[in-house]
Amino acid sequence: MNQNELKKALAKLPLGDVRYFDSIGSTNNEALAWATSGAKDLSLVIADEQTAGRGRLDRKWFTPRGTALAFSLILRPTAEEKPHLTRTVGLAALAVAESLRRRGLVAQIKWPNDVLLNGCKVAGILVESVWSGDEVDCLVIGIGVNVRKEAAPSVELLQFPATSLEASLGPAVEPEEILHDILAGMIALRPQLASDTFIAAWEKALAFRGEQVQVEDGNGNTITGKLLGLEPDGSLQLSNEGGKSITVRFGDVRLRPQA
Ligand code: BT5
C-alpha cells in the first residue's frame, strides 16, 4: 500500500498518532505495547504485511504483503463506555460491514468477529484489552480485511471459506478509501455504543438470523438452535427445539449454519 495515499486518506480523521510498518509481526502486539506505554486515544498501527498475524487463541491470521488491510486501533474508553466494552467487537464489525455495503456489497456479520461476503470470510476482528488493576485501560481493535485475491488463504488451511474484496469488486478496489471508511464508521458509531439502536443495528447485520446454526464452544461442546439475535451485552441468543432460549457468551466459539 502506498504510504502517501494512506496519509492523504487518513488526514481528515480525528486520529491520535499513526505508526505505519511495511512489515511487522502483528499490529495488535505493537498496539498493545504502545497502549501500555501511553498511546493517545484513537492511535493507529497499520502494516502492509504481517509475519505473525493473530486470530483468537493465537490462531494464525494471514496478511501477505500488498494484499490486505491489517490495522489496530487503540481506544481509551470513557467512563460512559466502560460498562459496554463487550460491544466493541460489534462496533468494529458494523463499521466494516457498512463500508462494504456502501460499495454495493451484501456484507453480513458472522457473530462474533467475522465479516462475510457471499457466505465467505472477508474480514476478521480481534479485540484485546490492556488492564490497569481490575479496570480496562485500553482496548486494541485489530482488523484484517482481504483486499486482493492472494490474501485469502487456500481452502486446506481454513475451517471456514475465505474471500476478498477483489473477488466482488474487481481489481479497481481502493484499500486506502476502505480503511478510511472503516475508521470513520467506528468513530461515528462510538457515541452510540451504549444505545439500544446500536444493538438493533448490529442484530440486523447478523448472518443466519432466523436460521438453524451450530455453535462450538472452546471445550468441544456443540450447541444447536435457531439464531434469534443479541443480548444487551452482545452475547448471542439462540432458541432450541423446545423454544427455550439459550445464551452463547463471547469466547472461543465458532458459528456455522447447520449442515
Ligand atoms: C479472527 O480470528 O478472525 C481475527 C483476525 C484478526 C486479524 C487482525 S489483522 C490486524 C490485527 N493484528 C493481528 O495480529 N490480528 C488482527 P479467528 O476467528 O480466530 O479466525 C482465525 C482463523 O481464520 C484461522 O484459524 C484461519 O482458519 C482463518 N484465516 C486466517 N487468515 C485468514 C484470512 N486472511 N482470511 C480469511 N480467513 C483467515
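What to note about this one:
- Against the test of being in contact with a strand residue (DSSP E or B) (Cβ under 6 Å, 6 or more places away or on another chain) and in contact (Cβ under 8 Å) with a residue 12 or more places away in the chain, the options ALA52, ALA35 yield a single qualifying residue, ALA35.
- LEU165 within 13 Å of the ligand (Cβ to nearest atom) and of a type in the set (A, V, I, L, M): yes
- Of GLU241, GLU203, all but one fail to be touching a strand residue (DSSP E or B) at 6+ places or on another chain (Cβ under 9 Å), open to solvent by 50 Å² or more (accessible area, probe 1.4 Å) and of a type in the set (D, E, K, R); the exception is GLU241.
- Only one of the listed residues (VAL147, VAL173, VAL155) is of a type in the set (A, V, I, L, M), within 16 Å of the ligand (Cβ to nearest atom) and open to solvent by 60 Å² or more (accessible area, probe 1.4 Å). That residue is VAL155.
- Number of residues in region 156-202 that are among the hydrophobic types (A, V, I, L, M, F, W, C), under 26 Å from ALA9 (Cβ atoms), modelled with pLDDT of 95 or more and outside any helix (DSSP H, G or I): the value is 2.
- As for region 219-229, it holds no residue that is hydrophobic (A, V, I, L, M, F, W, C), closer than 25 Å to ALA70 by Cα and in a strand (DSSP E or B).
- Candidate set: region 46-80, residues that are within 18 Å of the chain's Cα centre (by Cα) and polar (S, T, N, Q); chosen: the one farthest from the ligand (Cβ to nearest atom): THR67
- Subset of region 17-48 (residues that are assigned to a loop (DSSP other than H, G, I, E, B) and open to solvent by 40 Å² or more (accessible area, probe 1.4 Å)): ASP17, ASP22, SER23, SER37, GLY38, LYS40, ASP41
- Looking only at residues of region 244-259 that are within 20 Å of GLY55 (Cα to Cα), part of a strand (DSSP E or B) and open to solvent by 40 Å² or more (accessible area, probe 1.4 Å), we find that the one that is farthest from the ligand (Cβ to nearest atom) is ARG256.
- Residue match in region 112-122 (condition: crowded, with 16+ Cβ neighbours inside 10 Å and more than 13 Å from the ligand (Cβ to nearest atom)): no
- Residue tally, condition of a type in the set (Val, Ile, Thr) and either farther than 16 Å from SER72 by Cα or surrounded by fewer than 22 Cβ atoms within 10 Å (Cβ to Cβ) (or both), over region 123-140: 2
The values are calculated or read from the model by the stated rules, or taken from the named source; none is laboratory data. A quick note: this is a predicted structure, and the numbers were derived from the prediction, not measured. Every residue, glycine among them, receives a Cβ derived from its backbone with ideal geometry; neighbour counts consider all protein chains shown. Calculation scope for accessible area: heavy atoms of the full protein, side chains included, ligands and nucleic acids excluded. Shrake-Rupley method; radii C 1.70, N 1.55, O 1.52, S 1.80 Å.
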